[in-house]
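Just so it is clear, none of the values below were taken in a lab; they were calculated from the coordinates. Computed from a predicted structure; not experimentally measured. Neighbour counts run over all protein chains shown; Cβ positions are idealised from the backbone, glycine included.
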Amino acid sequence: MKIKDILDKRTPTLSFEVFPPKTEDKYESVMNAAMEIARLEPAFMSVTYGAGGGTSQYTADIAAALKDQAGVTPLAHLTCVSSTKEKVRQVLSQLKEKNIENVLALRGDIPEGGPVAKDFRYASELIDEIKKAGDFCIGAACYPEGHVESANKTIDIEYLKEKIDAGCDFVTTQMFFDNNILYNYLYRIRERGITVPVVAGIMPVTNIGQIKRICQMSGTALPVRFKALLDRFGDNPGAMKQAGIAYATEQIIDLIANGVNGIHVYSMNKPDIAGKIKENLSEIIN
């Protein structure tokens, strides 16, 4: 099923993200975690893609298993910053062979000291390539706080408009911890004429080291009440996990109450975290 059709129903949806292993010896444990999350019956599940296509086969295989064995609609990530057109076309051919209809088109992080191919500079160019390849439903990323490399939020929204014009069907946000940031962003992009569904990306923070990495990579702002949570519970792993899940749940409930129906949880291959959030929302999303 195409994700744009799932989102067009305008009812609350809960989806989860998993990421493939970097090495073959971890493949079975990752697949088991993905299947356990799939048993929660999410609206769809996304499968990430390593820099330079390092996990491209794993991405396709896990996505196909979710569809064929678990009956869950998969969303395969595809990045282009380190890929040639030949490589992208090869991956798209694999996805077609496995009857995977949904692709999340990303530029990807520029690798430190790694190779950067010349064929793609922006996600909009990748979207155009996917559009030519067949009847895929195409998603893209958006950044409520602005991409770290953008000069300002206005320019960043113009880049988003280019993705939509290239053929993007829906967008998923980078994680955020203050819902007002998303509400302001939605107002701005709707004013710009961007009308595709926006799925809110939510990260349950369950350890303090995790949030430090997130902020370094994405420039995500932390509201005062979230910092208080870190200060109070950061040194107690069990309490931090419980508080992080509770904070994410509260964010999701507020989003749905305010008309944001698409919720995508960055569950970090943790079935217990995904399951607890699903349980907390049992009467809100069903």
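FRET efficiency for the pair GLU283 and GLU36, taken as 1/(1 + (r/R0)^6) with r the Cβ-Cβ distance and R0 = 22 Å, rounds to 0.45. Apply the a/c threshold of 1.5 to the C-alpha gyration tensor of the chain and tell me whether it is rounded, prolate or oblate. Rounded, since a/c falls under 1.5.
Apply the a/c threshold of 1.5 to the C-alpha gyration tensor of segment 157-286 and tell me whether it is rounded, prolate or oblate. Prolate is the answer for segment 157-286, as a/c is 1.5 or above and a/b outweighs b/c.
Ranked by the mean number of other Cβ atoms within 10 Å per residue, highest first, peptides 128-140, 196-208 order as 196-208, 128-140. Which shape class, rounded, prolate or oblate, goes with segment 22-79 when its Cα gyration tensor gives a ≥ b ≥ c as root eigenvalues, a/c under 1.5 marks rounded, and past that a/b bigger than b/c marks prolate? Here segment 22-79 falls in the oblate category.
Once you charge only the Cβ atoms, +1 for Lys and Arg and -1 for Asp and Glu, what is the size of the charge dipole of segment 3-280 about its Cα centre, to the nearest 20 debye? Dipole magnitude for segment 3-280 comes out near 280 debye.
Pairs with C-alpha atoms separated by more than 23 Å, drawn from the list LYS22/LYS276; LYS118/LYS212; LYS161/LYS212; LYS67/LYS212; LYS4/LYS67, are LYS22/LYS276; LYS118/LYS212; LYS161/LYS212; LYS67/LYS212.
Taking every DSSP beta bridge that has both ends in segment 3-280, the antiparallel portion is near 0%. Using a cutoff of 8 angstrom between alpha carbon atoms and counting only pairs six or more residues apart, the relative contact order for the chain works out to 20 percent.
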